[in-house]
Amino acid sequence: MSNIAMLSVHTSPLAALGGKETGGMNVYVRDLSCALAALGHTVDVFTRWQDPTVPRVTNFAPGVRVIQIEAGPRGPYDKNRVYDHLDQFVKGVELFRRCNGNPNYDIIHAHYWLSGAVGVKLRKRWQWQQGKRVPLLQMFHTLGKLKNGIAQTPQELEVANRIAVEEQLGRQADMLIAPTPTERGYLAWEYNAPFGKIRIVPCGVDTAMFRPAAGERDAARDRLGLSRTARYALFVGRIERLKGIETLLRAVAQLKRNADPIGENIKLLIVGGDLDPSQQTTDDEMTRLHYLAAELDVCDRTAFLGAQPQERLRDYYNAADAVLMPSRYESFGMVAVEAMASGTPVIASRVGGLAHTVQDGETGYLLPHDDVPAWAGKLRLILSDDALRQWLGQQAAIQAQQFAWPHIATQIDTLYGEALQGEAIRKPSLRRRVQDAAGCLLDSLPVSKLVEPSLVVAGDLSCR
């Protein structure tokens, strides 16, 4: 088995979820590391030291250590400014190794572009020191060009350094891991990454933590102090514009304005973000949403709950009638899979990974992210039809089993074996390159452009 250096430079798997820079990636790194250790690997997670109360080394689970590295101020810090301290991070990793017996790492698995930049430098050092290949596997989690494509304000635009580094990593990494075929297409089409080195492995979910609570919904609501008779729609995630929370407020307002019985009984629960007023500014998204809720007269139908620990989040999933994800962009959408594993139907935007995770009409519904009447209509449908809601939830729980961490970790383990053997950089056959070109083109197109997929012949590059 392998000794793995897992890089999560800008955010720690130990951090509380739901903050400005914490979310699905934190969960992914933490749970993947534990699942890989269960297969026999040893995993060291290197992350920037942000919390002075956290020890330098935390033995998080058998075979998994989280190691804090000095890089910039020891505290919360703009992730884009962390770029200026990456050399310090590399030196910090090397200092840790020298002070701890110089452990050799067989594989570098980097998460996000900042970690990839560190991974390139560590790979060069370690290959020289060890006299052998140390493959670098890169997972971006989100892509700067795609986020820029849906940005609505200058403040939402990604820094130029990010785009440049992502393009370089597309060429320099030994293997790229994409969670969906759509992201694989974007990596090849938008970043010119060699298609043959891109592998698809979806994100995982802890099915022991998130599972259907048959007959226990009332108990979950009691633990949370929620009404047993109200209809609850749940949002979970970071509080930022691209998450599309405004669409939910407007949908609830429409139901209330139409004097719909569901509108009188609905409560929108928003989990995520920091509720401390001292951490908010006048242009903060949390502040904007509070003002919008007041303007729409839905304060009595909305509850901002702040970040919640994962154990309590399980109760929210089980207590909710539906989970809502109106994002303008999601690389994968781990919240959707957690909700599905909990047996709760999901209404989501037809974007990115959500279009692959949520089965429209089977585990929930897929909608345009900003179509308020459509969101109000589907929300009313699910909340008013108990039999439909239960059936969707049952199908969701079944579908979610394919994302259980033991399955996902086994797939990642297979990729490690390929990378160690140099599989990712072998030149594909001409036939494979032609097929990849066609697949890349289709994968990179928005779903809305693929109106008549039956008219496209497999392998036909004309797309007539």
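The values are calculated or read from the model by the stated rules, or taken from the named source; none is laboratory data. Bear in mind that the values here come from a model prediction, so they are computed numbers and not experimental data. Virtual Cβ from ideal backbone geometry, glycine too; neighbours counted across all protein chains shown.
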- Task: Could you grab me the full set of residues in region 325-350 that are within 15 Å of the chain's Cα centre (by Cα) and either over 22 Å from ILE408 (Cα atoms) or in a strand (DSSP E or B) (or both)?
- Result: MET325, PRO326, SER327, ARG328, TYR329, ALA348, SER349
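Based on this model, can you work out whether GLN138 counts as within 21 Å of MET6 (Cα to Cα) and buried (at least 23 other Cβ atoms within 10 Å of the Cβ)?
Numbers: within 21 Å of MET6 (Cα to Cα): yes; buried (at least 23 other Cβ atoms within 10 Å of the Cβ): yes.
When the stated conditions are applied, GLN138 passes them.
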- Query: Pairs, please: C-beta under 8 Å, at least 6 apart or cross-chain, first residue closer than 11 Å to MET175 by Cα and in region 191-210, second of a type in the set (Phe, Trp, Tyr) and assigned to a loop (DSSP other than H, G, I, E, B)?
  - Reply: none
- Item | Residues within region 177-236 that are more than 30 Å from LYS145 (Cα to Cα) and of a type in the set (A, V, I, L, M), tallied | 10
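For the condition on the phi > 0 side of the Ramachandran plot, touching a residue at least 24 places away in the same chain (Cβ under 8 Å) and not basic (Lys, Arg), what is the one hit in GLY40, GLY119?
Details: GLY119 fails: on the phi > 0 side of the Ramachandran plot.
So the residue among GLY40, GLY119 that is on the phi > 0 side of the Ramachandran plot, touching a residue at least 24 places away in the same chain (Cβ under 8 Å) and not basic (Lys, Arg) is GLY40.
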- Message: Can you find, within region 120-168, the residue that is modelled with the lowest pLDDT among those that are β-branched (Val, Ile, Thr) and under 19 Å from TYR191 (Cβ atoms)?
- Response: ILE150
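When you check LYS79 against the structure, is it basic (Lys, Arg) and in contact (Cβ under 8 Å) with a residue 60 or more places away in the chain, yes or no? Don't jump to the end; show me each part of the working.
On the way: basic (Lys, Arg): yes; in contact (Cβ under 8 Å) with a residue 60 or more places away in the chain: yes.
Judged against the criteria, LYS79 is a match.
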- Message: Taking the condition of being of a type outside the set (Ser, Thr, Tyr), in a loop (DSSP other than H, G, I, E, B) and farther than 17 Å from LEU86 by Cβ, how many residues in region 123-165 meet it?
- Response: 10
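For region 250-267, what are the residues that are surrounded by 23 or more Cβ atoms within 10 Å (Cβ to Cβ) and not small (Gly, Ala, Ser)?
Looking only at region 250-267, we keep the residues that are surrounded by 23 or more Cβ atoms within 10 Å (Cβ to Cβ), and these are 251-252, 255, 266.
Residues satisfying the conditions are VAL252, LEU255, ILE266.
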- Any chance you could count how many residues in region 362-401 are in contact (Cβ under 8 Å) with a residue 24 or more places away in the chain, out of contact with any Ser or Thr (no Cβ under 8 Å at 6 or more places or on another chain) and not charged (D, E, K, R)? 9
